[in-house]
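J.: Structure below; questions to follow.
The values are calculated or read from the model by the stated rules, or taken from the named source; none is laboratory data. Computed from a predicted model, the values in this text were never measured in an experiment. Cβ coordinates were reconstructed from backbone atoms using ideal geometry, including for glycine residues, and neighbour counts include every protein chain displayed.
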Amino acid sequence: MNHVTDPHRESPVIRTVAMPADTNPAGDIFGGWLMAHMDLAAGNVATRRAKGRVATVAVEGMSFISPVLVGDEVSFYGDVLSVGRSSLRIRVEAWRRPREEEVMNKVTEAIFTFVAIGADRRPRAVDSSSVD
Ligand SMILES: CC(=O)SCCNC(=O)CCNC(=O)[C@H](O)C(C)(C)COP(=O)(O)OP(=O)(O)OC[C@H]1O[C@@H](n2cnc3c(N)ncnc32)[C@H](O)[C@@H]1OP(=O)(O)O
């Protein structure tokens, strides 16, 4: 379902407004802007779960479903899908809401994999007993 008034009951990890500086030459919001925000949102969820530093190691299934327009409110939601020894898979969805409307549309989704790393930048184990 890509058109709803309230896609998630939980709060978004990031909510922002798409600005003219974020556009591509055609005037729509640049895909890289969305990807950067998705990485930020997923990284925030992963860092919280891993209780420390994480590095993005892979992105799966990035799809752009519909365009984001200047002035849209864009909300980024993130959930922990799975936790390995040192890796975490985070599902991220971005939803847009035209600033004068109530209906939201899903615009992108992807799964980000992070690795928990220590001060030496090498993988460290994530505490598997923590509740997500
Ligand atoms: C280049 C950039 O700036 S990209 C943006 C920022 N990201 C980075 O800088 C990360 C760059 N990458 C790295 O530094 C290294 O790949 C590290 C430290 C993250 C991982 O080092 P590796 O030697 O690959 O670690 P290792 O082989 O032990 O794997 C660690 C975990 O990552 C997982 N992993 C590694 N590569 C991938 C991958 N491409 N996709 C999914 N999972 C992966 C492994 O399955 C393992 O999971 P587990 O511990 O839960 O079983």
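J.: Could you check the range 6-36 and list, in sequence order, the residues that are crowded, with 21+ Cβ neighbours inside 10 Å and under 14 Å from the mean Cα position of the chain (by Cα)? Working first, answer last.
T.: From the range 6-36, those crowded, with 21+ Cβ neighbours inside 10 Å are 13, 18, 29, 34; that's our starting set.
VAL13, LEU34 - these are the residues of the range 6-36 that are crowded, with 21+ Cβ neighbours inside 10 Å and under 14 Å from the mean Cα position of the chain (by Cα).
J.: OK, next. For ASP39, indicate whether it is under 16 Å from ALA110 (Cα atoms) and either in contact with a helix residue (DSSP H, G or I) (Cβ under 7 Å, 6 or more places away or on another chain) or not aliphatic (A, V, I, L, M) (or both). Don't jump to the end; show me each part of the working.
T.: Details: under 16 Å from ALA110 (Cα atoms): yes; either in contact with a helix residue (DSSP H, G or I) (Cβ under 7 Å, 6 or more places away or on another chain) or not aliphatic (A, V, I, L, M) (or both): yes.
In short, yes.
J.: Let me ask another. When both residues are 6+ apart or on different chains and their Cβ atoms are under 7 Å apart, which pairs have a first residue that lies in the range 44-65 and is more than 11 Å from VAL115 (Cα to Cα), and a second that is modelled with pLDDT under 95 and within 13 Å of the ligand (Cβ to nearest atom)?
T.: From the range 44-65, the pairs are LYS51/ASP127.
J.: Test of understanding: among VAL68, VAL74, VAL107, VAL126, which residue is touching a strand residue (DSSP E or B) at 6+ places or on another chain (Cβ under 9 Å), in a loop (DSSP other than H, G, I, E, B) and more than 15 Å from the ligand (Cβ to nearest atom)? Quick ask: steps written out before the conclusion?
T.: Working: VAL74 fails: in a loop (DSSP other than H, G, I, E, B); VAL107 fails: in a loop (DSSP other than H, G, I, E, B); VAL126 fails: more than 15 Å from the ligand (Cβ to nearest atom).
Answer to the check: VAL68.
J.: Find all pairs meeting these conditions: Cβ atoms under 9 angstrom apart; at least six residues apart or on different chains; first residue within the range 80-95 and touching a residue at least 40 places away in the same chain (Cβ under 8 Å) and closer than 21 Å to VAL68 by Cβ; second residue near the ligand (Cβ under 9 Å from one of its atoms) and part of a strand (DSSP E or B).
T.: Qualifying pairs under 9 Å: ILE90/THR113; ILE90/PHE114.
J.: Follow-up question, since we're still on this one. Would you check which residues across the range 77-93 are of a type outside the set (A, V, I, L, M) and in a strand (DSSP E or B) and list them? Write out each step before concluding.
T.: Initially, the range 77-93 is screened for residues of a type outside the set (A, V, I, L, M), giving 77-79, 82, 84-87, 89, 91, 93.
Passing the criteria: TYR77, GLY78, ASP79, SER82, SER87, ARG89, ARG91, GLU93.
J.: Any residue at all in the range 25-37 that's in a helix (DSSP H, G or I), in contact (Cβ under 8 Å) with a residue 60 or more places away in the chain and under 15 Å from VAL80 (Cβ atoms)?
T.: Within the range 25-37, none of the residues are in a helix (DSSP H, G or I), in contact (Cβ under 8 Å) with a residue 60 or more places away in the chain and under 15 Å from VAL80 (Cβ atoms).
J.: Say we look at the range 110-123 and pick out the residues that are surrounded by 16 or more Cβ atoms within 10 Å (Cβ to Cβ) and closer than 27 Å to GLY32 by Cβ; which of these is farthest from the ligand (Cβ to nearest atom)?
T.: Step one: list which residues in the range 110-123 are surrounded by 16 or more Cβ atoms within 10 Å (Cβ to Cβ), which gives 110-117, 123.
Filter once more, so that each one left must be closer than 27 Å to GLY32 by Cβ: 110-117.
On the way: ALA110: 13, ILE111: 10, PHE112: 10, THR113: 4, PHE114: 8, VAL115: 4, ALA116: 8, ILE117: 5 Å.
Ranking the candidates gives ALA110 first.
J.: Any idea how many residues of the range 77-95 are away from the ligand (no atom under 15 Å from the Cβ) and over 13 Å from the mean Cα position of the chain (by Cα)?
T.: 0
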